[in-house]
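As structure tokens, the structure follows; a few thoughts come after it.
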Amino acid sequence: MEVIIKDSAAELATVAADIVQRLVHRKADAVLGVATGSSPVGLYDELGRRVAAGTLSLAGCQAFMLDEYVGLAADHPQRYRNVIETELVARTDIRSERVHGPDGLASDIPAACAAYEQAIRDAGGVDLQVLGIGTDGHIAFNEPTSSLGSRTRIKTLARQTRIDNARFFDDEAQVPTHCLTQGVGTILEARRIVLLAEGEQKAEAIRQLVEGPVSAMWTATALQWHPYVTVIVDQAAASRLA
Ligand code: F6R
């Protein structure tokens, strides 16, 4: 696991965008794994700037989202599908129909989860997975006690995650209670993983990820098993590292 500590959000975004750009220059039809939330927004902005400058094109790429809330209306602005349209599709030249996500409105949820796993396999697997990390150490929405071998499935969101994500809604009561999420086992199959984190509120999760024992109580620690992980953090998120 490589850990890169930078001083500013802009530097985090630049390092991550360089990794994406190098991959896409080598493999124009790369399969990207994309996170939502605050952590990757700077990266998506930077990718947008490079696309606008003509130095990068994501037009040949596909993307697979990590997770989706269950039950949010199709036009709800916080539905992750809509968030990724705003944050990534609208800013770059990746094509909307080549961005895939788990169906949080499916009537048969187990079938939708199995279909999503199959779609990732059919695409040849994820070349580069972009991750954030929850304050409780979750990756995607694999909350504490999730199986480290888990696959895409429905999960109950932890109280802490609903509190953390209330900032995107009117209040905590509006945050959905359930989500569909790629499993830890699904994520570990990506060929390369880049995890972004900023701020003191992520410091303990980053300490556990980098220095803690592998544990289902901090599901991000399973990334220690992966051969090619780059963790890009600011000074505050790195502040509890030894
Ligand atoms: C979002 C996701 C989550 C977030 C995490 C951090 O698709 O999978 O694991 O990455 O909750 O969220 P932010 O970046 O908003 O702090």
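The values are calculated or read from the model by the stated rules, or taken from the named source; none is laboratory data. Predicted, not measured: the structure shown is a model, and the values here were computed from it. Using ideal geometry, Cβ is built from the backbone for each residue, glycine included, and neighbour counts are taken over all protein chains shown.
A search for C-beta distances below 9 Å between a residue of the range 70-86 that is free of Cβ contacts under 8 Å to residues at least 12 places away in the same chain and any residue that is surrounded by 15 or more Cβ atoms within 10 Å (Cβ to Cβ) and assigned to a helix (DSSP H, G or I), counting only pairs 6+ apart in sequence or on different chains, returns ASP75/ASN82; HIS76/ASN82; PRO77/VAL83. Looking across VAL51, VAL89, one residue alone is modelled with pLDDT of 95 or more and either under 24 Å from ILE139 (Cβ atoms) or within 15 Å of the ligand (Cβ to nearest atom) (or both). It is VAL89. A Cβ distance below 8 Å, combined with a sequence gap of six or more or placement on separate chains, defines the contacts here; from the range 168-182, residues that are in contact (Cβ under 8 Å) with a residue 24 or more places away in the chain reach residues that are charged (D, E, K, R) and more than 13 Å from the ligand (Cβ to nearest atom) in the pairs LEU180/ASP103; LEU180/ARG153; THR181/ARG153; GLN182/ARG151. Looking only at the range 60-86, residues that are within 13 Å of the ligand (Cβ to nearest atom) and buried (at least 21 other Cβ atoms within 10 Å of the Cβ) come to 11 in all. Screening SER39, SER57, SER96 for residues that are under 29 Å from ARG162 (Cβ atoms), among the polar types (S, T, N, Q) and away from the ligand (no atom under 16 Å from the Cβ) leaves exactly one candidate, SER96. Do we find that ASP108 is surrounded by fewer than 16 Cβ atoms within 10 Å (Cβ to Cβ), of a type outside the set (Gly, Ala, Ser) and more than 30 Å from PRO176 (Cα to Cα) in this structure? Taking the combined requirement at face value, the residue does not satisfy it. So, VAL194, is that one crowded, with 21+ Cβ neighbours inside 10 Å and either out of contact with any Gly (no Cβ under 9 Å at 6 or more places or on another chain) or of a type in the set (S, T, N, Q) (or both) or not? For VAL194, the condition - crowded, with 21+ Cβ neighbours inside 10 Å and either out of contact with any Gly (no Cβ under 9 Å at 6 or more places or on another chain) or of a type in the set (S, T, N, Q) (or both) - is met. Evaluating GLY137 against the criteria (1) surrounded by fewer than 24 Cβ atoms within 10 Å (Cβ to Cβ); (2) over 13 Å from ILE187 (Cβ atoms); (3) touching a Leu at 6+ places or on another chain (Cβ under 9 Å); (4) of a type outside the set (D, E, K, R) leaves one unmet condition, (1).
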